[in-house]
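One structure is given here, and the rest of the page talks about it.
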Amino acid sequence: MRPVISVAMVNFNGGELVSRAVSAVLTSSLPVEVIVADNGSSDGSLARLRAAFAGDERVTLLDNGANLGFAVASNRALEQARSDFLLLLNPDCLVAPDTLERMVTRLKEYPVAGMAGCRVLDPDGTEQAGCRRSLPTARSGFSRAFRLGRLFGGKGPPAIDLNQQPLPERPIFVEAVSGAFMLLRRAALDEVGALDEGYFMHCEDLDWCRRFADSGWKILFVPDVEVTHYQGSCSRNRPIRVEWHKHRGMMRYYRKFLQREGSIPLSLLVYAGIATRFAALALLSSVKRLMPTRK
């Protein structure tokens with residue numbers, strides 16, 4: 001049976017959770033296929049996937065042999081997809097049996113939407129900050145990086161993350177959704193193109209949302225469908241490396257979309273701010289790792 005939806009995942013040392021994530025997808029009420037691109041995992045998670053899903057024709061495992069980055073691996077997985085609806089799903093994100101069917105139904109109801117996201121929750125039920133977002137501007141990104149909104153009593157640029165706003169009663173259009181769960185219409189993907197492989201990890205989802213909008217496609221946020229995201233489970237052992245790629249991604253996004261909108265002095269200030277923020281976070285992370293662990 002041809003799958004209604006193709007689910008692409010990228011695994012890098014996802015432990016047992018990635019097998020749980022694949023199993024959860026396979027319980028879906030819609031016919032599915034799952035393509036997992038493994039980026040050179042060394043924790044045995046790829047071997048567990050092979051053992052758990054051997055012989056299951058719905059599951060395809062791609063062994064990249066090395067960490068190629070999230071964007072490259074995602075694109076490789078999406079190239080294997082056969083369905084008209086495609087889901088980019090983090091390997092630490094668990095769906096319910098009816099999640100995919102409800103989301104596909106919603107996307108079909110809004111033909112102008114090329115992408116849809118749902119409410120992404122922490123394990124404690126709290127909505128994650130990046131679940132529904134505005135695209136960053138130079139001012140809002142700089143303000144968020146240095147928490148200037150708190151410094152000036154919330155009177156800075158509008159917030160990028162919208163999770164503090166009341167939850168809408170029905171689906172709404174937003175500028176960006178969480179990269180942990182991005183449901184795509186194939187026609188939109190064919191028009192917009194794949195993820196920008198110039199990003200290693202982080203900010204490629206915002207880049208994609210910006211390109212969808214620039215191509216005339218809307219992005220839908222569905223508030224009554226929820227998934228649980230165990231955020232950071234694949235990257236917690238390399239905090240400084242993760243921060244490096246995150247800040248590198250910030251710079252790439254700014255160069256692509258925002259630099260032309262500002263002055264040279266503003267651009268220099270933004271680049272200096274991003275570099276300073278990374279240095280501060282890297283130093284803090286190093287200090288924490290050197291501190292003795294309390295028993």
- Note on region 107-127: residues small (Gly, Ala, Ser) and either within 8 Å of Leu220 (Cα to Cα) or in contact (Cβ under 8 Å) with a residue 12 or more places away in the chain (or both) are Ala113, Gly114, Ala116, Gly117
- Pair list, Cβ under 8 Å, 6 or more apart: region 254-283 residue under 23 Å from Glu204 (Cβ atoms) and acidic (Asp, Glu), other residue at pLDDT below 75 and surrounded by 12 or more Cβ atoms within 10 Å (Cβ to Cβ): Glu261/Ala138
- Using the structure shown, decide if Arg186 is touching a residue at least 24 places away in the same chain (Cβ under 8 Å) and either buried (at least 18 other Cβ atoms within 10 Å of the Cβ) or not hydrophobic (A, V, I, L, M, F, W, C) (or both). yes
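Collect the residues in region 50-92 that are in contact with a Gly (Cβ under 9 Å, 6 or more places away or on another chain) and surrounded by 13 or more Cβ atoms within 10 Å (Cβ to Cβ), keeping them in residue-number order.
Asp63, Asn64, Asn67, Leu68, Phe70, Ala71, Leu88, Asn90, Pro91, Asp92
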- Mind listing just one residue for me: the one in region 27-37 that is more than 15 Å from Asp92 (Cα to Cα) and touching a strand residue (DSSP E or B) at 6+ places or on another chain (Cβ under 9 Å) and, of those, surrounded by the fewest Cβ atoms within 10 Å (Cβ to Cβ)? Pro31
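Can you tell me which residues in region 25-49 are of a type in the set (A, V, I, L, M) and more than 16 Å from Pro3 (Cβ to Cβ)?
Taking region 25-49 as the starting set, the residues that turn out to be of a type in the set (A, V, I, L, M) are 25-26, 30, 32, 34-37, 46-47, 49.
Across region 25-49, the qualifying residues are Ala37, Leu46, Ala47, Leu49.
Okay, residues lined up against (1) at pLDDT 95 or above; (2) outside any helix (DSSP H, G or I); (3) of a type outside the set (Asp, Glu); (4) crowded, with 23+ Cβ neighbours inside 10 Å:
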residue	(1), (2), (3), (4)
Pro166	no, yes, yes, no
Phe173	yes, yes, yes, no
Glu191	yes, no, no, no
Glu197	yes, yes, no, no
Met201	no, yes, yes, yes
Trp208	yes, no, yes, yes
Gly216	yes, yes, yes, no
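Name the residue that is nearest to Tyr253 (Cα to Cα), counting only residues in region 175-189 that are of a type in the set (D, E, K, R) and either in contact with a Cys (Cβ under 8 Å, 6 or more places away or on another chain) or part of a helix (DSSP H, G or I) (or both). Outline the logic, then answer.
Here is the first cut: in region 175-189, the residues of a type in the set (D, E, K, R) are 175, 185-186.
Subset that is either in contact with a Cys (Cβ under 8 Å, 6 or more places away or on another chain) or part of a helix (DSSP H, G or I) (or both): 175, 186.
On the way: Glu175: 15, Arg186: 24 Å.
Top of the filtered list is Glu175.
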- Lys288 vs (1) of a type outside the set (Asp, Glu); (2) at pLDDT 85 or above; (3) assigned to a helix (DSSP H, G or I); (4) surrounded by fewer than 14 Cβ atoms within 10 Å (Cβ to Cβ): all pass except (2)
- Item | Pairs, first farther than 14 Å from Leu184 by Cα in region 199-215, second in a loop (DSSP other than H, G, I, E, B) and polar (S, T, N, Q), C-beta under 8 Å, six or more apart | Met201/Ser235
- Task: Within region 131-150, identify whether any single residue is in contact with a Gly (Cβ under 9 Å, 6 or more places away or on another chain), modelled with pLDDT of 85 or more and either among the acidic types (Asp, Glu) or crowded, with 19+ Cβ neighbours inside 10 Å (or both), and answer yes or no.
- Result: yes
- Out of Gly69, Gly44, Gly15, Gly40, which single residue is under 23 Å from Leu189 (Cβ atoms) and either without any contact (Cβ under 8 Å) to a residue 40 or more places away in the chain or out of contact with any strand residue (DSSP E or B) (no Cβ under 6 Å at 6 or more places or on another chain) (or both)? Gly69
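The values are calculated or read from the model by the stated rules, or taken from the named source; none is laboratory data. Since this is a predicted model, take the numbers as computed values, not measurements. Positions of Cβ are backbone-derived with ideal geometry, glycine not excepted, and every protein chain shown enters the neighbour counts.
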